[in-house]
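The values are calculated or read from the model by the stated rules, or taken from the named source; none is laboratory data. Because the structure is predicted, anything quoted here is derived from the model rather than measured. Cβ atoms come from the backbone with ideal geometry, glycine included; neighbour counts cover every protein chain shown.
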């Protein structure tokens, strides 16, 4: 299974044509005649997938659906497919994070390429998210004291300064520091800093400081 | 005097008996001719006929001049309406593109899928049949779009027919749906439940409504986001259509000028849309006017007399 393509288009004939073609390419296809129907049964984000969205659909338009989805925190990539591409809409949707903007009639080659890329992006972002989740879990295993030490270490403080700030001996801090490295499964200070950066810990600290 | 003398002679002949006739006199009686008897009457009648004939031919001439003028006015109107439609056609290009690309897109995808199926060692004929049927249907759809455009752009002679104004409203609003959504303006319409039977030219009335909507869409564009069309009965004698927008409105001293030719407040406006609209409405014995709405924006109204049952 190569993932699910969610096709939102009010044109029944176009929906069935696209569905046929994508199924031949090995994708699972879910079709929705309106934006509301997609919102009513939101696709499972855990599965690889993407949304193929018409700009002009009755009631809620394509760009409006895009906006709603991003407010709902959806990470599903959106490929726009429009009967008529005016510059304004194109720019607007791309700026809002659309994966691609195609115009009908679209060749299968172009369409499949765009979908493949969208799927790959989704996969990569899901991958990244999984890694971040794993790191967050590790970070959560630190005791409050260890977390204090962690915050200061990644800011580049030396043991002596940390000991002074936390009112502990340098030896205790050294032991804490050792345990933090162990729990976060890193070998070097550089790795620890990179994790802190990716989790947004550093910006949090400097904002507080 | 001939008449008098004739009568006198007859009188003399009757009153004076032959016995009392004076010696040496004799009676001569001659029947007066028709001309002698009715000369004045005949002359009068001839004169009246002549004068009447003169009048009739004068009236006939006037009538011919009037129908000629009417035909000319109508063909001018047709011409003008045609120019107006061509101008709007340019703006409609996005609607046309969308409506054509929808079926064309489906056809292309279906054709490519069919090719793919044919390449497989055992092609699924049932699916191929289905695809071909879909392609045929989409093809018809595309040609309907083109026919509709052609009939819209054709130089159609002014033709009065029995119409329902609601049908005209519905067609225009649906036709413009795409256009408006690409400009981020919502179009709504609300039609009277009863049919609005009028007599008029469908294409030209469509153009009036189209021009009004365009006008409202333009002014609604950077501000509000809705253009609302309404149709209703006004008493039992006329139908009213109103198109309202949520734009900045028109200064009240300009409200009377906006229908004048070449009056425009837009940078790219030609100023002929509303004046064509007024010409067409007048040709339908109707009225068109604009009002400021208390809640902001402008409402255009046009009233067309209902057809007599």
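Answer yes or no: is there a residue in segment B:119-141 that is assigned to a helix (DSSP H, G or I), surrounded by 12 or more Cβ atoms within 10 Å (Cβ to Cβ), within 11 Å of chain A (Cβ to nearest Cβ) and within 30 Å of the chain's Cα centre (by Cα). Yes, because at least one residue in segment B:119-141 is assigned to a helix (DSSP H, G or I), surrounded by 12 or more Cβ atoms within 10 Å (Cβ to Cβ), within 11 Å of chain A (Cβ to nearest Cβ) and within 30 Å of the chain's Cα centre (by Cα).
Scoring residue A:173 on the criteria (1) buried (at least 16 other Cβ atoms within 10 Å of the Cβ); (2) in contact (Cβ under 8 Å) with a residue 24 or more places away in the chain; (3) within 26 Å of the chain's Cα centre (by Cα) leaves a single failure, condition (3).
Residues of segment A:82-117 that are within 17 Å of residue A:21 (Cα to Cα), buried (at least 16 other Cβ atoms within 10 Å of the Cβ) and more than 8 Å from every other protein chain (Cβ to nearest Cβ): A:102, A:112, A:114, A:115. Taking the conditions exactly as written (surrounded by 19 or more Cβ atoms within 10 Å (Cβ to Cβ), modelled with pLDDT of 70 or more, within 29 Å of residue B:149 (Cβ to Cβ) and out of contact with any strand residue (DSSP E or B) (no Cβ under 6 Å at 6 or more places or on another chain)), does residue B:245 satisfy them or not? In short, no. Checking each residue in segment B:142-177 for being within 14 Å of chain A (Cβ to nearest Cβ) and touching a strand residue (DSSP E or B) at 6+ places or on another chain (Cβ under 7 Å) picks out B:173, B:176, B:177. Checking segment A:28-39 against the condition returns no match, with no residue being at the interface with chain B (Cβ under 10 Å from one of its Cβ atoms) and surrounded by 18 or more Cβ atoms within 10 Å (Cβ to Cβ).
Residue by residue, here is whether (1) assigned by TED's automatic domain parsing to the domain that holds residue B:273; (2) touching a helix residue (DSSP H, G or I) at 6+ places or on another chain (Cβ under 6 Å); (3) more than 30 Å from residue B:209 (Cα to Cα) holds:
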residue	(1), (2), (3)
B:64	no, no, yes
B:84	no, yes, no
B:103	no, yes, no
B:109	no, yes, yes
B:114	no, yes, yes
B:119	no, no, yes
B:122	no, no, yes
B:136	no, no, yes
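With respect to being within 14 Å of chain B (Cβ to nearest Cβ) and surrounded by 15 or more Cβ atoms within 10 Å (Cβ to Cβ), residue A:76 falls outside the description. Among the numbered conditions (1) surrounded by 15 or more Cβ atoms within 10 Å (Cβ to Cβ); (2) touching a residue at least 40 places away in the same chain (Cβ under 8 Å), the only one that residue A:125 does not meet is (1).
Condition (residue is exposed (fewer than 13 other Cβ atoms within 10 Å of the Cβ), in contact with a helix residue (DSSP H, G or I) (Cβ under 7 Å, 6 or more places away or on another chain) and part of a helix (DSSP H, G or I)) applied to segment A:144-162: is it met by at least one residue? Yes; the residues of segment A:144-162 include at least one that is exposed (fewer than 13 other Cβ atoms within 10 Å of the Cβ), in contact with a helix residue (DSSP H, G or I) (Cβ under 7 Å, 6 or more places away or on another chain) and part of a helix (DSSP H, G or I).
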